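Q: My questions all concern the structure below.
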Amino acid sequence: MDNTNAPPPCPNHYTHQYTFPEVALGSGSNEQPYFRAQIFFNKKPDVTEEFFHEHWKTVHADLTIQTKASNVLLTRYTQLHMDKASRDALEPLFEAGGGLMHPMNYDGAAEFYARSAEDFTTFIKNVWASDNLTGVLTRTGCGKRFADVVTGYQVFGGYENLIMGSAIPGLGGKDGIALNDSRFVNDTSDDKAGSLAQNSGV
């Protein structure tokens, strides 16, 4: 049973002085009007990285948007490619984190936006039913030829709370805090950035 009188885990949870009152307690959240899901997966061990990324962006992408009612059930579909160059570019981040941050062991993530979790689920069920696409149920089709279906797929999904930047055009969301807002700290020197990260607990 929760103890409502217990102090919060963060001592300044109720007393924090906000620079951006838009995100203050009680102000609500800027929840965007869509369900967003990411499906993480790896390439097959016996295909090259070059083939994996090229095939996913072309043949597999074409087959994906041919899936029944894709333009009705989805409002947006993107791909996040984590190639060697991307991993190398992130390496300084892992070193600076002192072991607290690690790369995810995936080669890519398919990202889907839908009006509801139900629409997203229906779309993925249509994908499963397509032998030409992934053929997950029969283990045939395009997906089996470039993606590692033995280890399978990991799914992450939920609502998006937009803090900073513009809403995605056409999806009906509300903008976050503008990038040119005068309250932002614009000193990007290494010393200043390191101090900010340390003070924020990142």
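The values are calculated or read from the model by the stated rules, or taken from the named source; none is laboratory data. Predicted model, so just to flag it, every value in this text is computed and none were measured. FYI the Cβ positions are ideal-geometry reconstructions off the backbone, even for glycines, and counts take in every protein chain you see.
Q: Do we have ILE168 as of a type in the set (A, V, I, L, M, F, W, C), modelled with pLDDT of 90 or more, surrounded by 12 or more Cβ atoms within 10 Å (Cβ to Cβ) and within 30 Å of ASP46 (Cβ to Cβ) here?
A: Numbers: of a type in the set (A, V, I, L, M, F, W, C): yes; modelled with pLDDT of 90 or more: yes; surrounded by 12 or more Cβ atoms within 10 Å (Cβ to Cβ): yes; within 30 Å of ASP46 (Cβ to Cβ): no.
It is false that ILE168 is of a type in the set (A, V, I, L, M, F, W, C), modelled with pLDDT of 90 or more, surrounded by 12 or more Cβ atoms within 10 Å (Cβ to Cβ) and within 30 Å of ASP46 (Cβ to Cβ).
Q: Right, here's the next one. For GLY99, work out the one condition from (1) surrounded by 15 or more Cβ atoms within 10 Å (Cβ to Cβ); (2) out of contact with any strand residue (DSSP E or B) (no Cβ under 7 Å at 6 or more places or on another chain); (3) more than 22 Å from GLY152 (Cβ to Cβ) it doesn't fulfil.
A: GLY99 satisfies every listed condition except (1).
Q: Being touching a strand residue (DSSP E or B) at 6+ places or on another chain (Cβ under 7 Å) and not hydrophobic (A, V, I, L, M, F, W, C) is the filter here; which residues of the range 159-187 pass it?
A: Within the range 159-187, TYR159, GLU160, ASN161, GLY172, GLY173, GLY176 meet the criteria.
Q: From the set of residues in the range 103-127 that are in a loop (DSSP other than H, G, I, E, B) and modelled with pLDDT of 95 or more, which is surrounded by the most Cβ atoms within 10 Å (Cβ to Cβ)?
A: Within the range 103-127, the subset in a loop (DSSP other than H, G, I, E, B) is 103-107, 115-116.
If we keep only those that are modelled with pLDDT of 95 or more as well, we get 106-107, 115-116.
On the way: TYR106: 18, ASP107: 22, ARG115: 16, SER116: 12.
In this case the residue turns out to be ASP107.
Q: If the requirement is being closer than 30 Å to ASN126 by Cα, without any contact (Cβ under 8 Å) to a residue 60 or more places away in the chain and of a type in the set (Gly, Ala, Ser), which of these qualifies: ALA69, ALA110?
A: Numbers: ALA110 fails: without any contact (Cβ under 8 Å) to a residue 60 or more places away in the chain.
Sole residue among the options that is closer than 30 Å to ASN126 by Cα, without any contact (Cβ under 8 Å) to a residue 60 or more places away in the chain and of a type in the set (Gly, Ala, Ser): ALA69.
Q: Same structure again: Being more than 22 Å from TYR106 (Cα to Cα), β-branched (Val, Ile, Thr) and surrounded by fewer than 17 Cβ atoms within 10 Å (Cβ to Cβ) is the filter here; which residues of the range 31-75 pass it?
A: If the condition is that a residue be more than 22 Å from TYR106 (Cα to Cα), β-branched (Val, Ile, Thr) and surrounded by fewer than 17 Cβ atoms within 10 Å (Cβ to Cβ), then ILE65, VAL72 are the ones that fit.
Q: Given the options LEU73, LEU90, LEU63, LEU25, name the one that is among the aliphatic types (A, V, I, L, M) and modelled with pLDDT of 95 or more.
A: On the way: LEU90 fails: modelled with pLDDT of 95 or more; LEU63 fails: modelled with pLDDT of 95 or more; LEU25 fails: modelled with pLDDT of 95 or more.
Within the list LEU73, LEU90, LEU63, LEU25, the selection yields LEU73.
Q: Filter the range 76-92 for residues that are of a type in the set (A, V, I, L, M, F, W, C) and surrounded by 11 or more Cβ atoms within 10 Å (Cβ to Cβ); which is nearest to TRP128 (Cα to Cα)? Explain how you work it out, then say what you get.
A: Here is the first cut: in the range 76-92, the residues of a type in the set (A, V, I, L, M, F, W, C) are 80, 82, 85, 89-90.
Now narrow it down to the ones that are surrounded by 11 or more Cβ atoms within 10 Å (Cβ to Cβ): 80, 82, 90.
Values: LEU80: 21, MET82: 24, LEU90: 33 Å.
Ranking the qualifying residues of the range 76-92, first place goes to LEU80.
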